[in-house]
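Reviewing the structure listed below.
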Amino acid sequence: AQSVTQPDIHITVSEGASLELRCNYSYGATPYLFWYVQSPGQGLQLLLKYFSGDTLVQGIKGFEAEFKRSQSSFNLRKPSVHWSDAAEYFCAVGAVTGRRALTFGSGTRLQVQP
Amino acid sequence: EAQVTQNPRYLITVTGKKLTVTCSQNMNHEYMSWYRQDPGLGLRQIYYSMNVEVTDKGDVPEGYKVSRKEKRNFPLILESPSPNQTSLYFCASSRAGTEETQYFGPGTRLLVL
């Protein structure tokens with residue numbers, strides 16, 4: 001069965017500092033990987049996705065993620081965090097055909113200190 | 001503006017009182033899906049639909065019904081809600097092709113007393 005683990009429930013960083021959010025997955029086939037962000041009271045917004053090709057993917061808002069097959073990881077990074085990045089971040093793995101069910105991690109809540 | 005909308009956004013109800021949460025998308029997407037989000041569990045798929053009149057169960061379908069009579073709408077029906085259905089519900093849609101991104105609605109927070 002597929003699963004996603006986000007080991008960090010809550011992370012606090014200072015504004016301007018770098019950020020890395022961890023994501024490990026278990027999936028029986030070629031994984032399709034996603035990072036979504038959820039701001040308070042808002043829906044889920046796609047930050048970036050990995051389907052194939054270059055293992056370093058660029059997303060919106062200055063985020064990037066690196067797919068490492070050997071480590072079953074898809075960590076999200078940002079070189080300099082802004083106060084507006086405070087939100088909850090979800091990693092997901094799933095199919096892009098058929099029932100397209102995405103399996104989400106439990107989320108990492110990011111707090112940004114001034 | 002391309003979007004997925006859900007109504008209501010917040011709902012408090014009592015056990016056993018039938019309710020419907022509507023979902024509508026204006027992107028002409030074939031695929032639509034419902035998820036529920038619970039603390040510590042992430043999102044789990046309830047039902048999905050590949051196109052009009054084509055629906056199927058996801059991972060946690062018990063206690064829910066859906067219908068897809070029109071392409072743009074995919075309502076979620078709780079015929080007899082129970083407290084364990086208190087959750088945050090998300091509707092999503094995408095095009096039918098492979099590698100299409102799913103777009104999510106803003107969520108509906110449901111409390112069943």
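The values are calculated or read from the model by the stated rules, or taken from the named source; none is laboratory data. Since this is a predicted model, take the numbers as computed values, not measurements. Cβ coordinates were reconstructed from backbone atoms using ideal geometry, including for glycine residues, and neighbour counts include every protein chain displayed.
Values for this structure:
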{"read-out": "Residue within the stretch A:61-68 that is within 13 Å of chain B (Cβ to nearest Cβ) and surrounded by fewer than 19 Cβ atoms within 10 Å (Cβ to Cβ) present", "value": "no"}
{"read-out": "Top-ranked residue in the stretch A:55-114 [being at positive phi and of a type in the set (D, E, K, R); ranked as nearest to the chain's Cα centre (by Cα)]", "value": "A:Lys61"}
{"read-out": "Residues satisfying the stated conditions in the stretch A:30-75, i.e. part of a loop (DSSP other than H, G, I, E, B), touching a residue at least 40 places away in the same chain (Cβ under 8 Å) and of a type in the set (Gly, Ala, Ser)", "value": "A:Ser39, A:Ser72"}
{"read-out": "Those residues of the stretch B:43-56 which are facing another protein chain (nearest Cβ under 9 Å) and farther than 16 Å from B:Gly105 by Cα, in sequence order", "value": "B:Met50, B:Asp56"}
{"read-out": "Residue check, A:Gln38 among the polar types (S, T, N, Q), within 22 Å of B:Tyr47 (Cβ to Cβ) and more than 10 Å from the chain's Cα centre (by Cα)", "value": "yes"}
{"read-out": "Test result for A:Leu48, of a type outside the set (Lys, Arg), farther than 19 Å from A:Gln113 by Cα and touching a Phe, Trp or Tyr at 6+ places or on another chain (Cβ under 6 Å)", "value": "yes"}
{"read-out": "Tabulated pairs, the stretch B:97-108, first facing chain A (nearest Cβ under 7 Å), second assigned to a loop (DSSP other than H, G, I, E, B) and at pLDDT 90 or above, C-beta under 7 angstrom, 6+ apart or interchain", "value": "B:Pro106/B:Arg9"}
